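Enquirer: Below is one structure. I have some questions about it.
The values are calculated or read from the model by the stated rules, or taken from the named source; none is laboratory data. The structure presented is a predicted model; accordingly, all values stated were derived computationally and were not measured. Here the Cβ is made from the backbone with ideal geometry for all residues, glycine too, and neighbour counts use every protein chain on show.
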Amino acid sequence: MVDELGRWAEPGLLVLASLADGDKHGYAITNDVAEQVGVSLGPGTLYAALSRLEERGLIEGLPAEGRRRPYRLTAAGAAELSAQASRMQRLATLSLGRLRMASA
């Protein structure tokens, strides 16, 4: 799983991060990702990511509210997001430290 969600702008990882603060439908996820990270997810990309995440048990679809279907982060999804965020944090610390050393 790590290799599949490893890129920082991987749509699946962005969806997991968006759902970490509560249930959202697709349009709300797209807006949240754009506002918080500056990445624009097209509908095809978003719904393909939602489908993959749901198949893997990382999110679950909730009953539709009119035309909108909200999604929820599962415990497995929260664990995967935590692992990925920790990995990215270690990479950022390493990278910034080495860049500081190289410029000194």
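Enquirer: Just wondering, is there one or more residues in the range 48-60 that are more than 21 Å from Ala83 (Cα to Cα) and within 11 Å of the chain's Cα centre (by Cα)?
Expert: No, because not a single residue in the range 48-60 is more than 21 Å from Ala83 (Cα to Cα) and within 11 Å of the chain's Cα centre (by Cα).
Enquirer: What number goes with the only condition from (1) loosely packed, with under 10 Cβ neighbours inside 10 Å; (2) farther than 14 Å from Ser18 by Cα; (3) at pLDDT below 95 that Gly38 does not pass?
Expert: Every condition holds for Gly38 apart from (2).
Enquirer: Give the residues of the range 88-104 that are farther than 16 Å from Ala20 by Cβ and either under 13 Å from the mean Cα position of the chain (by Cα) or not aliphatic (A, V, I, L, M) (or both), sorted by residue number. Working first, answer last.
Expert: Applying the first criterion (farther than 16 Å from Ala20 by Cβ) to the range 88-104 yields 90-104.
Matches in the range 88-104: Arg90, Thr93, Ser95, Gly97, Arg98, Arg100, Ser103.
Enquirer: Right, something else. Can you find, within the range 54-104, the residue that is surrounded by the fewest Cβ atoms within 10 Å (Cβ to Cβ) among those that are in contact with a Leu (Cβ under 7 Å, 6 or more places away or on another chain) and assigned to a helix (DSSP H, G or I)?
Expert: Going through the qualifying residues, I end up with Ala76.
Enquirer: Of the residues in the range 13-43, how many are part of a loop (DSSP other than H, G, I, E, B) and touching a helix residue (DSSP H, G or I) at 6+ places or on another chain (Cβ under 8 Å)?
Expert: Within the range 13-43, residues that are part of a loop (DSSP other than H, G, I, E, B) and touching a helix residue (DSSP H, G or I) at 6+ places or on another chain (Cβ under 8 Å) number 4.
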